[in-house]
Amino acid sequence: MDVIQLEKTDEHFRLIYDTKGRFVVHRISRDEAPYKLCKVKRLEHGKGGVPYIVTHDARTIRYPDPEIKVNDTVLLDIETGKVKEYVKFDLGNLAMATGGHNCGRVGTIVHKEKHKGAFDMIHVEDAAGNRFVTRQNNIFIIGKGSKALVSLPKGKGIRLSILQEQAKKYASG
């Protein structure tokens with residue numbers, strides 16, 4: 001979810017996964033360039049009882065909103081390093097799989113399974129109605145409800161089957 005800005009050409013890009021789990025350089029608008037999404041990995045108290053969070057890209061943010069918990073996503077202003085808003089890890093929010101076999105797929109969280117002594121599993125349903133299951137640590141929240149906070153690359157995170165890809169390729173070519 002990193003943002004790449006080319007000053008000479010005044011272009012802005014976001015590094016994001018496609019539905020096959022590969023990194024894609026996705027062109028974004030100037031309005032979307034000043035912020036990025038960060039997943040909260042740790043929530044701790046430092047020296048003197050100062051609360052801080054650590055994000056997936058190793059940023060440390062002191063004095064965060066007390067409502068922010070582990071696995072939530074914060075919308076971070078790149079210039080100031082301040083949290084603009086946050087999205088809770090809840091049912092009904094839009095999420096992207098960032099690891100495992102389903103890496104790059106986007107959908108709405110439908111169900112959480114708690115497994116004691118093992119990994120918690122998250123059930124996700126994409127916009128086409130297909131469901132998939134992945135570990136909780138592979139899920140990155142990217143939007144409130146069904147509205148994404150960042151633009152998504154071509155395909156909107158919906159993985160097509162081999163036959164669907166083939167039909168689409170031959171229909172357009």
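The values are calculated or read from the model by the stated rules, or taken from the named source; none is laboratory data. Computed from a predicted structure; not experimentally measured. Reconstructed Cβ throughout: ideal geometry from the backbone, glycine too, with neighbour counts over all protein chains shown.
Is at least one residue of the stretch 155-163 on the phi > 0 side of the Ramachandran plot, outside any strand (DSSP E or B) and touching a Gly at 6+ places or on another chain (Cβ under 7 Å)?
Yes, the stretch 155-163 contains at least one residue that is on the phi > 0 side of the Ramachandran plot, outside any strand (DSSP E or B) and touching a Gly at 6+ places or on another chain (Cβ under 7 Å).
Counting only residues that are surrounded by 17 or more Cβ atoms within 10 Å (Cβ to Cβ) and of a type in the set (Asp, Glu), how many does the stretch 46-85 have?
1
Return yes when Leu152 is assigned to a loop (DSSP other than H, G, I, E, B), under 20 Å from Tyr35 (Cα atoms) and hydrophobic (A, V, I, L, M, F, W, C) and no when it is not.
yes
Restricting to strands (runs of 3 or more DSSP E) lying wholly in the stretch 3-55: which have 3 or more residues that are free of Cβ contacts under 8 Å to residues at least 40 places away in the same chain and out of contact with any Phe, Trp or Tyr (no Cβ under 7 Å at 6 or more places or on another chain)? Spell out the reasoning first.
Working: elements: 3-6, 11-17, 23-28, 35-45, 51-55.
Answer list for the stretch 3-55: 11-17, 35-45, 51-55.
I'm told Lys84 meets every condition in (1) out of contact with any Phe, Trp or Tyr (no Cβ under 6 Å at 6 or more places or on another chain); (2) closer than 19 Å to Val40 by Cα; (3) part of a loop (DSSP other than H, G, I, E, B) except one. Can you identify the failing condition by its number?
Unmet for Lys84, out of (1) out of contact with any Phe, Trp or Tyr (no Cβ under 6 Å at 6 or more places or on another chain); (2) closer than 19 Å to Val40 by Cα; (3) part of a loop (DSSP other than H, G, I, E, B): (3).
Got at least one residue in the stretch 86-108 being among the β-branched types (Val, Ile, Thr), loosely packed, with under 14 Cβ neighbours inside 10 Å and under 27 Å from Thr19 (Cβ atoms)?
So the first thing to find is which residues in the stretch 86-108 are among the β-branched types (Val, Ile, Thr), and the list is 87, 98, 106, 108.
Retained after the next criterion (residues that are loosely packed, with under 14 Cβ neighbours inside 10 Å): none.
No, the stretch 86-108 has no match at all.
Which residues, taken from the stretch 1-17, are touching a strand residue (DSSP E or B) at 6+ places or on another chain (Cβ under 6 Å), of a type in the set (Val, Ile, Thr) and farther than 18 Å from Gly157 by Cβ?
Hits for the stretch 1-17 are Val3, Ile4.
Which of (1) without any contact (Cβ under 8 Å) to a residue 40 or more places away in the chain; (2) in contact with a strand residue (DSSP E or B) (Cβ under 9 Å, 6 or more places away or on another chain) does Lys168 not meet, given it meets every other one?
Unmet for Lys168, out of (1) without any contact (Cβ under 8 Å) to a residue 40 or more places away in the chain; (2) in contact with a strand residue (DSSP E or B) (Cβ under 9 Å, 6 or more places away or on another chain): (2).
Among (1) touching a strand residue (DSSP E or B) at 6+ places or on another chain (Cβ under 9 Å); (2) within 21 Å of Tyr17 (Cβ to Cβ); (3) at pLDDT below 95; (4) surrounded by fewer than 18 Cβ atoms within 10 Å (Cβ to Cβ), which single condition is Leu160 missing?
Unmet condition: (1).
Results for (1) closer than 24 Å to Asn138 by Cα; (2) touching a strand residue (DSSP E or B) at 6+ places or on another chain (Cβ under 6 Å); (3) of a type outside the set (Ser, Thr, Tyr); (4) at pLDDT 95 or above, shown as yes or no for each residue.
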| site | (1), (2), (3), (4) |
| --- | --- |
| Thr19 | yes, no, no, no |
| Arg22 | yes, no, yes, no |
| Ser29 | no, no, no, no |
| Ala33 | no, yes, yes, no |
| Lys36 | yes, yes, yes, no |
| Lys41 | yes, yes, yes, yes |
| Val54 | yes, yes, yes, yes |
| Ala58 | yes, no, yes, no |
| Tyr63 | no, no, no, no |
